1. Find all pairs meeting these conditions: Cβ atoms under 9 angstrom apart; at least six residues apart or on different chains; first residue within the range 126-154 and closer than 24 Å to Lys113 by Cβ; second residue at pLDDT 75 or above and among the hydroxyl-bearing types (Ser, Thr, Tyr).
2. Does the range 298-319 contain at least one residue that is more than 19 Å from Ala368 (Cβ to Cβ) and aromatic (Phe, Trp, Tyr)?
3. Conditions first: (1) touching a residue at least 60 places away in the same chain (Cβ under 8 Å); (2) over 30 Å from Ile240 (Cβ atoms); (3) of a type in the set (A, V, I, L, M). Leu336 passes all but one, so which condition is the exception?
4. Of the residues Ala67, Ala51, which single one is among the small types (Gly, Ala, Ser), surrounded by 13 or more Cβ atoms within 10 Å (Cβ to Cβ) and under 27 Å from the mean Cα position of the chain (by Cα)?
5. Out of all the residues in the range 252-289, which are more than 19 Å from Ala59 (Cβ to Cβ), out of contact with any Ser or Thr (no Cβ under 8 Å at 6 or more places or on another chain) and either polar (S, T, N, Q) or not assigned by TED's automatic domain parsing to the domain that holds Val219 (or both)?
6. How many of the residues making up the range 258-283 are under 13 Å from Glu216 (Cα atoms) and in contact with a Phe, Trp or Tyr (Cβ under 8 Å, 6 or more places away or on another chain)?
7. Please specify each residue of the range 138-161 satisfying the condition of being of a type outside the set (Lys, Arg), farther than 19 Å from Gln105 by Cβ and in contact with a helix residue (DSSP H, G or I) (Cβ under 7 Å, 6 or more places away or on another chain).
8. Can you tell me which residues in the range 317-333 are over 30 Å from Ile240 (Cα atoms) and aliphatic (A, V, I, L, M)?
Amino acid sequence: MFGRDSSVVKKAVVGVLVCVVHSGAAVAQGSVPAPAVTVSPAVSRQVTETADFVGRVVAINKVDVVARVPGFIEERNFTEGQQVKTGDLLFRIEQDTYKAAVDQQKANVAKAKATEVNAALQLHRGKELIHNQTIPQSTLDQREADEAAAQAEVLQAEALLQQAQINLGYTEIRSPIDGRVGLAIFTVGNLVEPSSGKLATIVSQDPIYVTFPASERDVIAYRHRLAESGGINQHLPVHIKLPDGTIYGHPGLTNFLDVQVETNTDTVIVRAEFPNPDGLLVPGGIVGVGVDTGPPKWALLVPQSSIQLDQAGHFVLVVDGAKKVELRRVTTSVELGRNVVVTDGLKEGELVIVEGIQKVHAGQVVSANVAPSN
């Protein structure tokens, strides 16, 4: 009796446990929340396709300041790195020797002019005396030659005076352009001369050039667009991406296409001019260059973070009206900032997952939060 009752109890306990397990599983299954993801709608915007290059910033004007006469540097009238204007005094070389040379040449000019006056008087007297045959013709000829020689001496003395004044002017070394002056190679007290090399370098700042190499294919495409426009749009808008990833606020315009191909790289150098009022573009720097390749047109954009790649190509995860995830194959085009142009596979307004992609799969129900618009 006891054995039979024990068997019944065991069966009852097992049955209760099974019910509890199934009930717990059901409760657990019903309590699992849908995974949370962040979505962003595909938007249609007017965009301009660009071709990307790597460019170098180049100063329009660059001048190495050198000494044109020898002497000791007496003054330096600038702070390294400061902005200077055309004509600003940069260096002054000791002037005493050159001032003395000017005074000496002034005296030589005065002496030569006095000799010229005397020769002219002697010639005038000779012409009067020749009528009375008081002097021979040869004497008159000599006096004419003396006057001509005296005139030549005056011209020579004046030329030497002018050269002395020029040399004196060279003792003041002034800026030939507007720009920023770099490091001073020589300081006050140093002896400099033309063979000493540059004393400092001045580079212009605003406007400024950016040069970049374009492939022959890019140049041919440009020629075709130029022909289609009737030669009107010869210069293309250019945009710059700074080394920190930000977009430079002042667009530029191409103004030069080199006349030959660089044989080492099979590229053609293109130059664009940019305003640089704040001095953000520093000569010699490397920047990203984007050239507009056509007129603005409407395109569908999605964030770059939504684009995934596998062996079959690019895809996005779309959340439909029932909050189910759908894998959608897409065709992408160019990147525009943080967005990518999608040419096929999506419609405007469809929601693509931008955060939480790794924790969901196609067919799964999710909890979608719309990302704030950029």
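1. Hits for this filter: Gly126/Thr139; Asp146/Thr115; Ala149/Thr115; Ala150/Thr115; Glu153/Thr115; Val154/Thr115.
2. Looking through the range 298-319, at least one residue is more than 19 Å from Ala368 (Cβ to Cβ) and aromatic (Phe, Trp, Tyr).
3. It is condition (2) that Leu336 fails.
4. After ruling out the rest, the residue left standing is Ala51.
5. If the condition is that a residue be more than 19 Å from Ala59 (Cβ to Cβ), out of contact with any Ser or Thr (no Cβ under 8 Å at 6 or more places or on another chain) and either polar (S, T, N, Q) or not assigned by TED's automatic domain parsing to the domain that holds Val219 (or both), then Gln260, Thr263, Asn264, Thr265 are the ones that fit.
6. Total satisfying the criteria: 2.
7. Thr139, Leu140, Glu144, Asp146, Glu147, listed by residue number.
8. Once the filter is applied, which keeps residues that are over 30 Å from Ile240 (Cα atoms) and aliphatic (A, V, I, L, M), the range 317-333 yields Leu317, Val318, Val319, Ala322, Val325, Leu327.
The values are calculated or read from the model by the stated rules, or taken from the named source; none is laboratory data. On a predicted model such as this, the values are computed, not experimentally measured, just so you know. Note that each Cβ is placed from the backbone with ideal geometry, even for glycine, and that neighbours are counted across all protein chains shown.
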